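What follows is a short report on a single structure.
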Amino acid sequence: MSAEGQEGLFDRLADWVSYAMGRPKNIVFWLVLVLCWTFVFAFGGPHLASGDWLPTWFTSTGFNFPLNLVTTVAELFIGFLVAAAANRSEKALQSIIQRIMAETDEIDELIKENTALTRQNNELALQLQANTACLEEMHAYVKAISAHLDVGAGPKEA
């Protein structure tokens, strides 16, 4: 990637080649081509199999060497391009995994905090329940004393 965050020509080419090589249409195309080639020469008879119907420059070793060289080099570079795209994908995946791990750690901390707050809430609820019972008992006691002392009746009229 360049400094602006855009992919360079090599990266785009590597991604395109990797994508194109792995497409089912590409695989089927070459499979059909190889099967047709095999069928033609397997069942074409001795004249076709001998290759004497082809121009001599095409069947000569002088032509086959450059042809094989070109296809071998092309396969090599296609392999490099696919590997470059795979490396970029692996780096992106590693980055995603690291972000997920960081978020998981953050979630773990939030769960611990939530657990502590829930524990505190339960403790406060128990304290509130105990205090409410104590207040109710005190209220009943004060009410009983007030009734005994006749304090709650208000001022007496003369």
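The values are calculated or read from the model by the stated rules, or taken from the named source; none is laboratory data. Quantities reported herein were computed from a predicted structural model and do not represent experimental measurements. Here Cβ is always computed from backbone atoms with ideal geometry, including for glycine, and neighbour counts include all displayed protein chains.
Residues that are loosely packed, with under 10 Cβ neighbours inside 10 Å and not in a helix (DSSP H, G or I) within segment 31-45 comprise just one, Phe43. Does segment 77-90 contain any residue that is over 30 Å from Tyr19 (Cα atoms) and of a type in the set (Ser, Thr, Tyr)? For segment 77-90, residues over 30 Å from Tyr19 (Cα atoms) and of a type in the set (Ser, Thr, Tyr): absent. Residue pairs whose Cβ atoms lie under 7 Å apart, separated by 6 or more positions or on different chains, with the first residue in segment 5-21 and among the small types (Gly, Ala, Ser) and the second surrounded by 13 or more Cβ atoms within 10 Å (Cβ to Cβ), are Ala14/Leu81; Ala14/Ala84; Ala14/Ala85; Ser18/Leu81; Ser18/Val82; Ser18/Ala85.
For segment 22-30, the criterion of being at pLDDT below 80, in a helix (DSSP H, G or I), touching a helix residue (DSSP H, G or I) at 6+ places or on another chain (Cβ under 7 Å) and surrounded by 10 or more Cβ atoms within 10 Å (Cβ to Cβ) is met by no residue. A single entry from Leu48, Leu81, Leu69 fulfils the requirement of being touching a Ser or Thr at 6+ places or on another chain (Cβ under 7 Å) and either assigned to a helix (DSSP H, G or I) or within 28 Å of Asn26 (Cα to Cα) (or both): Leu81.
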